[in-house]
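Written below as structure tokens is the structure these notes are about.
The values are calculated or read from the model by the stated rules, or taken from the named source; none is laboratory data. Values in this document were obtained by computation on a predicted structure and should not be read as measured data. Here the Cβ positions follow ideal geometry from the backbone for every residue, glycine too, while neighbour counts run over all protein chains shown. The protein model used for the area step is the full one, side chains on, heavy atoms only, and it has no ligands, DNA or RNA in it. Shrake-Rupley method; radii C 1.70, N 1.55, O 1.52, S 1.80 Å.
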Amino acid sequence: TERCDILVYSYLEGKSLLTLARENNYTFMERTPAFLAKLHELGIYFRDFHLDNIIIHNNEFALIDIASVNCYRKRRRLSLRYRAKNIVQIFAKNEDQEAYRVFGKEKFLQRYVESTKLSPRRLRFLYY
């Protein structure tokens, strides 16, 4: 017999970050880089990290559509390679471009670097 894994989770009430951006509410963007850095520090790689897959639920970030989450708990932190790959994917999503343009990609990256436990020198590749 073939094995089939199914993931079921409860519906969470809230607005996606993309919806908030379309309403010209960019206050969440101040906290998004730190949230991403926290995921990376925990060894979590979310391939579908885009603004429509993150909602604000009870004033906290919540991930939805999590079938594409990988956890690399053995080494604890996500490697620099996977961090860079994840950030490239984040900025590549067409419908998110306006939010990152308004907030500023450089500002987002700076906040991300400030939120990590890594030396800014080790993360300088993010700016290229």
Just need log10 I(q)/I(0) for the chain at q = 0.14, 0.17, 0.19 Å⁻¹, Debye formula, equal scatterers on the alpha-carbon atoms, no solvent, rounded to two decimals.
-0.63, -0.91, -1.12
Could you compute the net charge surrounding Gln89? Neighbours are other residues with a C-beta less than 10 Å from the C-beta of Gln89; K and R count +1, D and E count -1.
+2
Counted charge near Tyr45, where neighbours are those whose Cβ lies closer than 10 Å (Asp, Glu -1; Lys, Arg +1)
+3
Taking 0.36 nm per intervening residue step and subtracting the Cα-Cα distance, what contour gain separates His57 from Ser79 on full extension?
5.0 nm
In terms of Cα to Cα distance under 12 Å, which aspartates and glutamates are near enough to Lys93, apart from those fewer than 8 places away along the same chain?
Asp48, Asp52
Candidate residues Glu30, Glu13: accessible-area rank, largest first, probe 1.4 Å
Glu13, Glu30
Solvent-accessible area, 1.4 Å probe, carbon plus sulfur percent, for the chain:
50
Return one whole number: the accessible area per residue of the chain in Å², for a 1.4 Å probe.
64
Per the helix-only model, the chain has a calculated mean residue ellipticity at 222 nm (DSSP H runs of ≥4, -39500 (n - 2.57) each, divided over all residues, rounded to the nearest 500) of -10500 deg cm²/dmol
